[in-house]
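Below is one structure, written out as structure tokens, with a few remarks after it.
Read-outs: derived from the displayed coordinates by stated rules, not from any lab. Note that the coordinates shown come from a computational prediction; the quantities given were computed from them, not determined experimentally. Please note: Cβ atoms are built from the backbone with ideal geometry, for glycine as well, and neighbour counts cover all protein chains shown.
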Amino acid sequence: MVVPSKMLGMPLVARISERSPGLFNISLSVFLFLFATVAFAQPDGEKLFKGNCASCHKPDKDMTGPALKGAKARWEGKGDIHAWVKNSSAYLKTGNPYATELFAKWNKSVMTAQTLTDEEIDAVLAYADAYVPPVPKGPDPTTVTPGGETSNWPWLVVIALLLLVVGLSLSGVKRSLNNAVREAEGKEPEPDMSFGQRLRNWAWHNKAAASILGLFIVVFLILKLWDAAFVIGVYGGDEVPHYKPEQPILFNHTLHAGKADKGNLAINCQYCHSSAEKSKHAGIPSTNVCMNCHSAVNEGRTPEGTKEIAKIYAAVGWDGKAYTGKPEPVKWVKVHNLPDHAYFNHQQHVSVGKLECQECHGPIDEKMDVAEQWAPLTMGWCIDCHNTKDVKMAGNGYYDEIMARLEDTDMGHEELKKYLEDEKISVKELGGWECAKCHY
Amino acid sequence: MSSTKRYWKDLGELHQQPEAIKGRENEFPQDLAIDQVLGNSSLTGASTGRRDFLKFLGFGIGAATLAACETPVIKSIPYVTKPEDITPGVANWYASTFYDGEDFASILVKTREGRPIHIKGNPRFGINRNPALAKGSINARMNSSVLSLYDGARLTGPVAKGSETATTWADADKSIAAGIAAAAGKRMVILSNTVISPSTQAAIAAFKAKNPTAEHVQYDVISYSGVTNANLKSFGKRVFPSYDFTKADVVVSVDADFLSNWGSTSENTWQYASRRNPDLAMNRHFQFEARMSMTGANADVRVPLKISELPKAVVALHAHVSGNSAGADAAMMKATEGAAKALMASKGRSVVVSGSNNEGVQVLVNSINSILGNYGSTIDLDTHTHFKQGDDAAVAQLVKDMNAGSVGALFIAGVNPAYSLPNAAAFKSGLAKVGLSVSFSGYADETASLCSWICPDNHYLESWNDFHPKVGQYALAQPAIRPLFNTRQWQESLLVWSGSTSNYYEHIRSVWQANMANRGPEMGLFEDNWNTAVHNGVLTAPVTPAALPAVFAGDVAAASVAAAKASSGAGEFELALYTTEAIGSGQHANNPWLQEMPDPLTKITWDNYVCMAPADVEKLGLNMYLGEQAPASLVTVKAGNNEITLPVVPTPGQRAGTIAIALGYGRGENGEKVGKAACVTDHNGDFKPVGKNAYPFTTSADGGVNYDVLNVTVTSAGGTYPVAITQTHLTAMDRHSVVKETSVATYKAGDKAAYNHPHTLGVHEDVNGDGVINTQDRKPVAEFDLWQEHPVEGVGHRWGLSIDLNGCIGCGACITACNSENNIAVVGKDEVRRSREMHWLRIDRYYSSATTKESAKKDGLGKIDMYLKMEVPEESPTVMFMPVMCQHCNHAPCETVCPVAATTHSNEGLNQMAYNRCIGTRYCANNCPYKVRRFNWFNYVSEKFGEVNPAWDDLGRMVLNPDVVVRGRGVIEKCSMCVQSIQAGKLAAKKAGTPVKDGSIETACSAACGTGAIVFGDLNDKKSKVRGLADSDRSYHMLEEIGVKPNVNYLVKVRNTEEAAAHHA
């Protein structure tokens, strides 16, 4: 798999999980299998099934309506399945006993009349009969768990310790040899000093070197502390491990929002986070939004996925057929936490600034099975962007007015000249660095 | 013209008392709060040594560091099924209606994530809407009412007498049904405030139908029986009329505080203010009164009279107007001459109102208005209001019957008679004899705690309700939140006890449906009307106008006798009982925002007191100059068996020989839990009610309640009492060009320099070109710059406020609106006393002497008389109100002194404050010429201030605006010009792709200002209203000569007085 160049700056963990081929393999094998079985059927039963039937029927399981597998056989000799599918309520009026029985069994819910030809209906039923569920795969053994990233430094420590032991032994050997030489030369052997004593002894005799070395160490430590202080409370960015709390439902952003050509569902971010364009909050989707799809999609691509989907049902109070009225709201763990004194508005950035979600949230659609804080969300990070990004003024009457005012007065004209030194008007130049734009 | 008029903030300043001078020179008169910390005796006895201390320190730092390293885990719980109309982070506004028996207004309720957090007037519909400004007028009590929703003392369910805990409604209903059955055959009374709701009336009718002995008695806490009974006698209609001040060229008020607390104030205020624009036809306002009321403070001509003289003044006015001066007092004839003349010149375009509750006086007032032809023009009896239907005589009879044991059941809704009746003691003893007494109060208040059941009503923001405020006007109140507690609307309780199974919402709909069916097809489809009413909060029905105005048929002679009776029996001191702008009749006394709102005139918070003329204070040898270290003297006021001991506040404008005490204080005297701020811990550490209850001084007379006591004794009680007064705090007195005032004649003459002269500085160059350099060579202040120009003019936006001193009536609705919008801490009396109030917006009140050199000359006074008169000017001062918030100077002195750049300037002209940057040096506050910066001396969101600060408990915290942070200890804060609203407004414009429309962004204060005195907008928008005002001739900057170039401008006050006078302080 090709690693996009954009990813090179990614932390190691992200790069490794990107290489995980599991999901891709699964979808690929399903696809190949299906292709092999139904490709020659005329017309395309699978396509018809997915387009017309899948919201209520499954090939192999009961859903809102019965499983379609074997339906043709079940109807054999009992009635006209074609007429039933085309218009079930009309067919019911014929008094067919099997149709009546089916109608009663399925809560007397009328199936939507279908405008399909007999051949098409046959194709769908043939597809259902031939359907074999994809073999679920366990987790791919090649997947490296996120914890794997930390596996480097213990080795380094071990190597360092080994080197230290070797070094100490060598110095002991050197001293013995030295003493041996001195003995041979008839001198007194060097007094047996501890390491500390020798260090002090050396420092006493090399004051300049010791002072400089000491200074370096102190400066080094202070710098390290200084750096460390800068990332206190920072949970994203390049310098620290990203904040990636465990969530009550292992919602997979990549699967839902990832690109379709990689076997993902490519759902627009704002389908779920719909308030991003109209509110300060992007919003965590309410559970009923999940149910827009998951009332039909009740199985995951893996058994684990199915378990997670079951959690949605528990949360929304869905027993598979109806709402029980006993919801249990999901307690998500908030990933992106801004301090109270900072005001951030999604609407401004999404609707007016026209930023892509990924510019702040990172490759959430490419390699975040579980959401994590990607950007550091520090003030420096915010105003950096305000300094470099130009304002999308074109075609916006609000900015037309601002420009007109700038061109209208002397003071405005001076300002405009300053703004345009770099040939663009940045957010900063229109006040994006001012305190009360974000703090009030 | 040079200045001869003096303005002062308080008497101390007028007489140059050392305290006042000291206070003026110190921005923060308090030393650091160190003494409070070190005064803690437990600290001095500590045995921790230095080494231990260092160990603790080390451990503390280590532990804190470790704790800080932990990742915060914050849970976010989305909706399971998101309501369609709620988007987290986006406010929803619902049209609703405020009605509490006293005030009525159509309002908009702002909710965030389902929580009501702010209230403003409905800008599109309702009788309180100012159509010219498209603004709804409301007062401080209305916009503060959102806070009372979150009062922790509210009852959480029905409570039986003697029980501490709430029970279920099923239990309560069962027990009450039994009680009702037992009371059958006896009088059964529903005692409520004035019910203007058709559906409530229907619910009461349903209850009456089930229980034939049931009846409805209405009781107005502040009685208007005098007015309504007089209208019955004069016109055969027992109603409170509609007034239209927009049509009145002359307004004469005899003791009616119609801008603050008389009649339908939410209408009066905007109507009155709409006629105070000097560029249009300005009205002329005469006020006769004993105490300095807010309305009197706005008058063009104010005549202080004794309370006993006020009825005589009405008689004299009648004599002038009718031309029959028999029996009129000569002195009063002279006092009312000017007013009468103006009235006669404006027949049919004038209005006379009286605050008296004496029927005779009101009949005379009706007669005057009738002679002047004001009925059908400024006074409307046909489309009259339904307010103030209370019947004092029926209430008095009820108390008698209760004591006689003939009342079997009593249901009390919306009133608190055990607190507010003149004969509260008789009511209480009678209540004990009533078999079943049910209160619908939301709190276990004075009355409810004595009742056998309390069936708590919802808060009005949790309720459906309908109103019929006037003929042809209907209004709806809709819930903005589900009931927080297990409460039930009292109307629904009545329905349940009447055997109905429909809830009150369905009941309202069915009542409306039936009423509309009765009106016939003219109303159109019911569902359309209903949806319109829910959306707008208001529904207007066509009214057939009356063919002829009502004809006066009152008995003037009898009325004059009654009026004379009201004047007799005056003693050494006369007492007026009044209601304040903030607290009203006392039902909102538990609201911390209102308690901390300074009184418009005295600027005192958290207390009621005796208002006394300064001359009388001096005569009695009481403390004249009040301040932080100068407490007020205590006096005992006695009338008959009643006595009350309160601090004395010298009040300029109070007529000598009269005193005034505010009603509505002293709630929860017997330990009743009446709400958060009604009782607080005082300076002695006692948990006591705020202020004292003065209702016992009211008397029942001639079928009405009398609020004047003509013979009281005032004696020094010895001792002093600290009052929290903001009057002398943080003000900018003794400098020129703070307030400017002129007369309409001077203004109309058109010479700007005469009333709004420019400020210039002398320069050392020959400016005027006369060949010599002398003091005549001056340049405008604007040409001097100490700093580099901020690039704001013409660059992007430049936000500004324009404040019309003519439009400001001093009501303070802007202060509470600002509290609500900006999460401003309530700090309590003790902190306010130490000048630590946190209000971002204050209203400065300036008194000035009416006597000037010019007026003395005109009156023909000799030099000695003139100076004598000028020395005691406070007898009849004129008053100015001036709202002051951060002026957002383009050359802000605060910005240059901040050592950490926590306060900076934005290119939109805002002076910004970054709280997290502030280290609390307070240099900025010291350098602010307007004294508008506030320092958080303590963490006001802490247990120490939990008694008063709503943000302390979880329930009260729900009122906070989530778009504005709550400031912590040690930082400065100040008016941000509602930058959150500016940002939101800009964002809306950017999204729509249009320029920001003028008027689309409002600050909390400008939105709350129903009189239109505060206008917000973009000064860089050449077409904006605020730009036009800023460029107008009346516009000036406060302290213009210091050259700080504020973005807030003021408009010179123009008084409609006859003399051509030019004043500036």
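Structure data summary
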{"read-out": "Surface/4 of the Cα convex hull for chain A, nm²", "value": "38.2"}
{"read-out": "Proximal charge balance of residue A:123 [Cβ under 13 Å; K/R count +1, D/E count -1]", "value": "-4"}
{"read-out": "Amide N proximity, the stretch A:158-174 versus residue A:193 label position 7 Å along Cα-to-Cβ, cut-off under 16 Å", "value": "A:171-172, A:174"}
{"read-out": "Efficiency of FRET between residue A:342 and residue A:224 - r from beta-carbon atoms, R0 22 angstrom, step 0.05", "value": "0.20"}
{"read-out": "Rule-of-thumb Rg ratio for the protein assembly as shown [Cα; 2.2 N^0.38 Å; N residues]", "value": "1.11"}
{"read-out": "Derived scalar couplings ³J(HN,Hα) [the stretch B:680-696; Karplus, 6.51 cos²θ - 1.76 cosθ + 1.60; whole Hz; x for Gly, Pro]", "value": "9, 6, 8, 5, 8, x, 8, 8, 9, x, 7, x, 10, 7, 9, 4, x"}
{"read-out": "The stretch A:153-217: C-alpha gyration tensor shape, a/c 1.5 cut-off, then a/b vs b/c", "value": "oblate"}
{"read-out": "Amide hydrogen neighbours beyond the local backbone of residue B:681, cut-off 5 Å, H modeled", "value": "B:688"}
{"read-out": "Cα-projected label distance for residue B:1023 with residue A:390, points at 7 Å along beta-carbon direction, nm", "value": "3.0"}
{"read-out": "Translational diffusion of the stretch A:253-375, µm² s⁻¹ [Kirkwood Rh, Cα pairs; Stokes-Einstein; 20 °C; 1.002 mPa s]", "value": "134"}
{"read-out": "Label-to-label distance, nm, for residues given as residue A:90 and residue A:378 (7 Å Cα→Cβ offset)", "value": "7.1"}
{"read-out": "Share antiparallel - DSSP beta bridges, chain B, percent rounded to 5", "value": "65"}
{"read-out": "Sequence-distant residues sharing a close amide H with residue B:710 (under 5 Å, placed H)", "value": "B:575"}
{"read-out": "Long-range HN-HN contacts of residue B:740 with modeled amide H, under 5 Å", "value": "B:1053"}
{"read-out": "Dipole magnitude of chain B about its Cα centre (Cβ charges: Lys, Arg +1; Asp, Glu -1), debye to nearest 20", "value": "860"}
{"read-out": "Ratio Rg/Rh [Cα only; Rh per Kirkwood] for the stretch B:289-388", "value": "0.95"}
{"read-out": "Cα-Cα over 20 Å, subset of A:354/B:986; B:779/B:1022; B:247/B:347; A:58/A:262; A:47/A:108; B:306/B:603", "value": "B:779/B:1022; A:58/A:262; A:47/A:108; B:306/B:603"}
{"read-out": "Neighbour-limited loop hits for GluC sites (Glu not before Pro), the stretch B:71-149 (at most 14 other Cβ within 10 Å; DSSP other than H, G, I, E, B)", "value": "B:84"}
{"read-out": "Tail weight of P(r) past 12 Å, computed on alpha-carbon pairs of the stretch B:314-355, percent", "value": "55"}
{"read-out": "Unit charges at the beta carbon, dipole of the protein assembly as shown: most positive-side option, B:319, B:180, B:941", "value": "B:180"}
{"read-out": "Paramagnetic reach from residue A:304 in the stretch A:225-251 [backbone N under 19 Å; point 7 Å along Cα→Cβ]", "value": "A:244-251"}
{"read-out": "Excluding exposed DSSP-loop GluC sites (Glu not before Pro) (at most 12 other C-beta within 10 Å), longest clean stretch of chain A", "value": "A:77-238"}
{"read-out": "Under 15 Å, Cβ to Cβ, from residue B:320 - net charge with Lys/Arg +1 and Asp/Glu -1", "value": "+2"}
{"read-out": "Pairwise FRET efficiency - residue A:410 versus residue B:345, Cβ, R0 = 45 Å, nearest 0.05", "value": "0.25"}
{"read-out": "Ellipsoid semi-axes in whole angstrom, largest first, where each is sqrt(5λ) of the Cα gyration tensor of the stretch B:919-1034", "value": "32, 20, 14"}
{"read-out": "Over 22 Å (Cα to Cα) - which of B:341/B:388; B:619/B:740; A:311/B:82; B:9/B:931; B:110/B:931 fall in this group", "value": "B:341/B:388; B:619/B:740; B:110/B:931"}
{"read-out": "Volume per residue that the Cα convex hull of the stretch B:628-740 spans, once the total is divided by residue count, Å³", "value": "195"}
{"read-out": "HN-Hα J in Hz across the stretch B:425-433 - Karplus 6.51, -1.76, 1.60, θ = phi - 60°, x for Gly and Pro", "value": "5, 5, 4, 5, 5, x, 4, 5, 8"}
{"read-out": "Cα-based shape type of chain B, given that a ≥ b ≥ c are square roots of the gyration tensor eigenvalues and the cut on a/c is 1.5", "value": "rounded"}
{"read-out": "Backbone HN-Hα couplings from phi across the stretch B:970-980 [Karplus 6.51/-1.76/1.60, Hz, Gly and Pro as x]", "value": "x, 10, 8, 9, 5, 4, 9, 6, 6, 4, 5"}
{"read-out": "Charge-dipole axis of chain B as Lys and Arg at +1 and Asp and Glu at -1 on Cβ define it, positive-most pick from B:356, B:808, B:784", "value": "B:808"}
{"read-out": "Antiparallel DSSP beta bridges within the protein assembly as shown, percent to nearest 5", "value": "65"}
{"read-out": "Estimated translational D of the stretch B:119-251 in µm²/s (Stokes, Kirkwood radius over Cα pairs; 20 °C; 1.002 mPa s)", "value": "109"}
